[in-house]
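The structure appears right after this line, and notes come after that.
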Amino acid sequence: QVQLVESGGGLVQPGGSLRLSCAASGSGFSMYIMGWYRQAPGKSRELVATISSSAGTNVADSVKGRCIITRDNAKKMVYLQMNSLKPEDTAVYYCSARYSSTSIPFWGQGTQVTVSS
């Protein structure tokens with residue numbers, strides 16, 4: 001089992017940047033597929049980006065070119081660097097961990113990102 005704690009959310013103006021962090025505890029972190037998802041009010045949770053155990057990444061088209069996902073296995077951390085933020089990026093952002101692409105993920109509690117002037 002793994003526990004996930006997100007941080008780094010907040011209020012930012014359009015065009016601004018944020019870096020979200022996810023701290024994991026438990027064993028086997030380096031083997032997990034780690035991901036960031038988001039859920040806006042009234043909408044379903046959607047993929048933002050994932051990073052595999054070999055650091056291969058998958059980024060949603062809606063944020064491609066604006067978001068970068070990275071991981072630090074030694075620190076058991078995953079990061080999401082978000083640039084050129086738009087109001088439509090406003091959502092609760094969740095960190096996830098899963099053993100494989102078909103396994104049930106573990107979730108963090110989420111961190112709110114609000115993009116507004």
**Request:** Determine the gain in length on full extension of the stretch Asn58-Arg19; use 0.36 nm per residue of separation and subtract their C-alpha separation, reporting nm with one decimal.
**Result:** 12.3 nm
**Message:** Just to confirm a number: summing +1 for Lys and Arg and -1 for Asp and Glu over residues other than Ile33 whose beta-carbon lies under 15 angstrom from that of Ile33, what do you get?
**Reply:** +3
**Message:** I'd like the FRET efficiency for Gln39 and Ala74, computed as 1/(1 + (r/R0)^6) with the beta carbon distance as r and R0 of 35 Å, rounded to 0.05.
**Reply:** 0.70
**Prompt:** Among all the aspartates and glutamates, which ones have a C-alpha under 13 Å from Lys86's C-alpha, if same-chain residues fewer than 8 places away are not counted?
**Reply:** none
**Prompt:** Around Val59, what is the net charge, scoring Lys/Arg as +1 and Asp/Glu as -1 over all other residues with Cβ under 13 Å from its Cβ?
**Reply:** +1
**Item:** Those residues of the stretch 29-48 whose amide nitrogen sits under 15 Å from the label point placed on Ser100, 7 Å along Cα→Cβ
**Value:** 31-33
**Message:** Ignoring ligands, DNA and RNA, please state the percent of accessible area on the chain from carbon and sulfur, probe 1.4 Å.
**Reply:** 51
**Complete:** Computed over the Cα atoms of the stretch 6-117, the Rg and Dmax in Å are 13.3, 41
**Prompt:** What is the calculated FRET efficiency for Arg66 to Ser27, with r their C-beta to C-beta distance and R₀ = 41 Å, to the nearest 0.05?
**Reply:** 0.80
**Message:** Less than 15 Å Cβ to Cβ from Thr111, Lys/Arg counted +1 and Asp/Glu -1: what total charge do the surrounding residues give?
**Reply:** +1
**Request:** For Lys64, go through the aspartates and glutamates and keep the ones whose alpha-carbon is under 15 Å away, minus same-chain ones fewer than eight residues off.
**Result:** Glu46, Glu88, Asp89
**Request:** Mind checking the per residue accessible area of the chain for me, 1.4 Å probe, whole number of Å²?
**Result:** 51
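The values are calculated or read from the model by the stated rules, or taken from the named source; none is laboratory data. A quick note: this is a predicted structure, and the numbers were derived from the prediction, not measured. Methodologically, a virtual Cβ is constructed for each residue, glycine included, from the backbone with ideal geometry; neighbour enumeration extends over all protein chains shown. With ligands, DNA and RNA removed, areas are computed over all heavy atoms of the protein, side chains included. Shrake-Rupley method; radii C 1.70, N 1.55, O 1.52, S 1.80 Å.
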